[in-house]
Amino acid sequence: MAQQATGLRSVFPGADLVLKAYSLGWTGQLQPTDLSRVYTVRIDYKTRRYPAVRVLAPELIPTAAGFLPHTYDDGSLCLHDVRQWNGGMLIVDTIVPWAAEWLLYYEVWLATGEWFGDGDASTALPTHYEDLPAL
Amino acid sequence: MTRFSSQTLNELLGTGISSLDITPAERDLAVARYKKVARSLAEHWDNAPNDGLVYPQGSMRLGTITRNYHRNDEIDIDLVARRDQPKQSISQADLKEDAGLGLEKFVLSEPEGSPTLDEGKRCWTLNYAGFHLDVLPALPNLAVRSGTAIIITDTELVRWQSSNPIAYAEWFHKVMAKEFEDKLIVLSKRMDIAEVPTWQVKTTLQQAVQALKRHRDIYFTETLELRPASIIITTLAAHAYQGGGDLYEVLDDITDRMPSYVSYDGQRYIVVNPIERGENFADRWHGKPERAEAFFRWIEQAKADFDGLASAGSGIDTVISKMASVFGERPARDAGRAVSGGVVASRRRGQLGYGVGTGALLAAPTAATRRVSRDHDFHGHNGARP
């Protein structure tokens with residue numbers, strides 16, 4: 001946990017970080033490109049859990065049906081497959097830049113309605129995606 | 001207003017504009033087809049077949065093709081069909097009709113692509129799916145020294161019209177020669193081949209002309225008759241071009257300075273043909289002040305639209321939406337896809353980095369950036385957190 005905190009502090013010295021024995025809370029700002037908005041992002045991490053990432057501001061804008069791509073029911077961002085992250089990895093080298101990527105693809109999605117962050121078609125959105133009910 | 005430029009903006013703009021251009025596959029197909037037209041006409045005229053007989057002019061030759069916004073993004077390719085005989089031996093009407101006859105034979109021979117043939121004011125049009133070859137019948141202009149000068153027919157005009165599309169293209173290429181050479185060298189190194197096809201190089205001048213033409217097409221949607229001709233836009237843009245900046249800066253600067261190259265002699269507006277000083281490209285504005293006024297109004301609007309494309313931190317979605325209204329939906333979407341795809345590709349190669357303290361994503365990490373250590377996928381589509 002201390003290692004995670006050290007990593008985050010070294011890259012974001014100005015960000016807000018609360019470190020406890022078995023948990024960590026980080027609030028910092030990310031701007032994936034100079035055209036992108038500056039987002040305030042919150043990361044909560046507890047031992048043996050996956051880090052939870054939320055965008056605090058500006059508020060994310062879902063579709064009229066209440067849909068936001070690559071998010072969980074609780075509003076946190078989906079950044080990876082379960083096998084792609086474990087506690088041995090530094091948040092600052094994984095979760096943080098993945099969140100910055102998410103924000104870039106999110107802004108493109110806002111304008112085009114398409115998520116271009118997956119690279120190849122095999123990981124593109126499933127076809128039922130559009131019809132998901134409002135949350 | 002302070003002009004804001006950035007790498008991301010130039011990426012969006014560059015990929016958006018390139019989606020207005022002809023694709024390499026379309027280009028190959030177009031060249032193969034017009035070579036067939038050339039062979040067929042040579043046979044019809046019983047000339048020695050050679051490529052010089054039918055050759056591209058206009059935007060195909062200048063590298064400024066811009067898909068037709070009003071016709072489903074189709075492509076128009078302008079060709080000259082030069083029949084080598086003196087003008088005393090044939091009338092304008094006969095030259096035009098004979099070329100039509102030759103092209104009709106070509107169409108009846110059931111060539112690949114099954115084109116149809118239409119007659120226009122000056123040229124014949126071969127319609128293929130997705131693109132059109134406009135074939136302009138011409139004779140060599142033996143009255144002037146240039147070997148590339150031609151004379152052409154016009155059903156509305158009695159006299160032969162002179163033209164020299166090859167010399168014009170040479171002038172245009174000379175204006176941008178430095179940037180062209182520089183980019184050619186960079187491209188040869190990147191592609192690791194000595195001979196890069198020159199059409200693969202795009203200068204900021206060519207891209208600016210494409211952007212301006214597309215902006216014009218959308219702006220004049222309801223008033224097509226007032227639309228300034230592409231040759232006017234191209235000529236003024238080339239005069240205004242100074243080079244030396246990024247795409248957005250050059251586009252903005254050109255748009256700003258273009259109107260100052262239209263002169264007025266107290267009676268008429270003049271846009272001089274740079275290779276034939278006696279010719280005024282703005283002839284059609286004479287007696288139609290509304291055309292000149294429309295031009296000046298349009299260029300001011302283009303300037304305002306380009307200026308307003310982006311500001312720092314306004315959001316990529318805002319820029320893409322503005323691009324959609326300025327250039328159309330497809331180029332805007334292509335730009336968004338390309339900018340995302342670039343980041344995905346860097347990450348997959350293990351070369352994605354981000355700025356310390358900012359989270360700014362960078363395709364090539366430096367000592368001052370933090371490297372993204374792992375690849376990943378955005379797998380979840382709504383549901384409970386694992």
Checklist line | Those residues of region B:310-341 which are more than 10 Å from chain A (Cβ to nearest Cβ) and of a type outside the set (S, T, N, Q), in sequence order | finding: B:Val326, B:Phe327, B:Gly328, B:Arg330, B:Pro331
Item checked: Among the residues listed as B:Ile193, B:Ile151, the single one being surrounded by 13 or more Cβ atoms within 10 Å (Cβ to Cβ) and not in a helix (DSSP H, G or I) -> B:Ile151
Notebook entry, point to check: Before we move on, is B:Glu279 outside any helix (DSSP H, G or I), on the phi < 0 side of the Ramachandran plot and touching a strand residue (DSSP E or B) at 6+ places or on another chain (Cβ under 8 Å)?
Noted result: yes
Next item on the list: Scan (1) crowded, with 16+ Cβ neighbours inside 10 Å; (2) among the charged types (D, E, K, R); (3) without any contact (Cβ under 8 Å) to a residue 60 or more places away in the chain for the single condition B:Asp307 breaks and write down its number.
Entry: (3)
Margin query: Among the residues of region B:344-356, are any buried (at least 18 other Cβ atoms within 10 Å of the Cβ), in contact with a Cys (Cβ under 9 Å, 6 or more places away or on another chain) and within 7 Å of chain A (Cβ to nearest Cβ)?
Written below: no
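For every residue, the table says whether it meets (1) within 13 Å of the chain's Cα centre (by Cα); (2) at the interface with chain B (Cβ under 9 Å from one of its Cβ atoms).
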| position | (1), (2) |
| --- | --- |
| A:Arg48 | no, no |
| A:Val53 | yes, no |
| A:Leu56 | yes, no |
| A:Glu59 | no, no |
| A:Gly87 | no, no |
| A:Trp98 | yes, yes |
| A:Trp102 | yes, yes |
| A:Trp109 | no, yes |
Checklist line | Residue check for B:Ser19: closer than 30 Å to B:Ala312 by Cα and surrounded by 14 or more Cβ atoms within 10 Å (Cβ to Cβ) | finding: yes
Next item on the list: Out of the residues in region B:247-271 that are surrounded by fewer than 16 Cβ atoms within 10 Å (Cβ to Cβ) and in a loop (DSSP other than H, G, I, E, B), state the one that is nearest to the chain's Cα centre (by Cα).
Entry: B:Arg268
Next item on the list: State whether one or more residues within region B:316-332 are crowded, with 16+ Cβ neighbours inside 10 Å, at pLDDT 90 or above and in contact with a Ser or Thr (Cβ under 6 Å, 6 or more places away or on another chain).
Entry: yes
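Taking the stated definitions as given, is B:Leu142 part of a loop (DSSP other than H, G, I, E, B) and not charged (D, E, K, R)?
yes
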Check: Got at least one residue in region B:227-245 being farther than 24 Å from B:Ala169 by Cβ and assigned to a helix (DSSP H, G or I)?
Finding: no
Next item on the list: Residue by residue through region B:357-386, note down the ones that are more than 17 Å from A:Leu30 (Cβ to Cβ), at the interface with another protein chain (Cβ under 7 Å from one of its Cβ atoms) and modelled with pLDDT of 75 or more.
Entry: B:Arg374, B:Asp377
Checklist line | Subset of region B:292-307 (residues that are under 23 Å from the mean Cα position of the chain (by Cα) and either more than 30 Å from A:Ala100 (Cβ to Cβ) or within 14 Å of chain A (Cβ to nearest Cβ) (or both)) | finding: B:Ala292, B:Ala294, B:Phe295, B:Phe296, B:Arg297, B:Trp298, B:Ile299, B:Glu300, B:Gln301, B:Ala302, B:Lys303, B:Ala304
Check: Limited to region A:78-89, what total is found for residues that are more than 14 Å from A:Arg48 (Cβ to Cβ) and either at pLDDT 95 or above or in a helix (DSSP H, G or I) (or both)?
Finding: 2
Note to self: Among the residues that make up region B:227-240, is at least one of them under 21 Å from B:Gln301 (Cβ atoms) and charged (D, E, K, R)?
What the structure shows: yes
Next item on the list: Six or more apart or on different chains, Cβ under 7 Å: which pairs go from a residue in region B:222-234 that's of a type outside the set (D, E, K, R) to one that's crowded, with 20+ Cβ neighbours inside 10 Å and assigned to a loop (DSSP other than H, G, I, E, B)? Could you list them?
Entry: B:Ile232/B:Val271; B:Thr234/B:Thr64
Check: Filtering region A:21-77 down to residues that are hydroxyl-bearing (Ser, Thr, Tyr) and outside any loop (DSSP other than H, G, I, E, B), which residue is surrounded by the most Cβ atoms within 10 Å (Cβ to Cβ)?
Finding: A:Thr71
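The values are calculated or read from the model by the stated rules, or taken from the named source; none is laboratory data. This one's a predicted model, so the numbers in the text were calculated from it and none came from an experiment. Don't worry about glycine lacking a Cβ; one is built from the backbone with ideal geometry, like all the others, and counts go over all protein chains shown.
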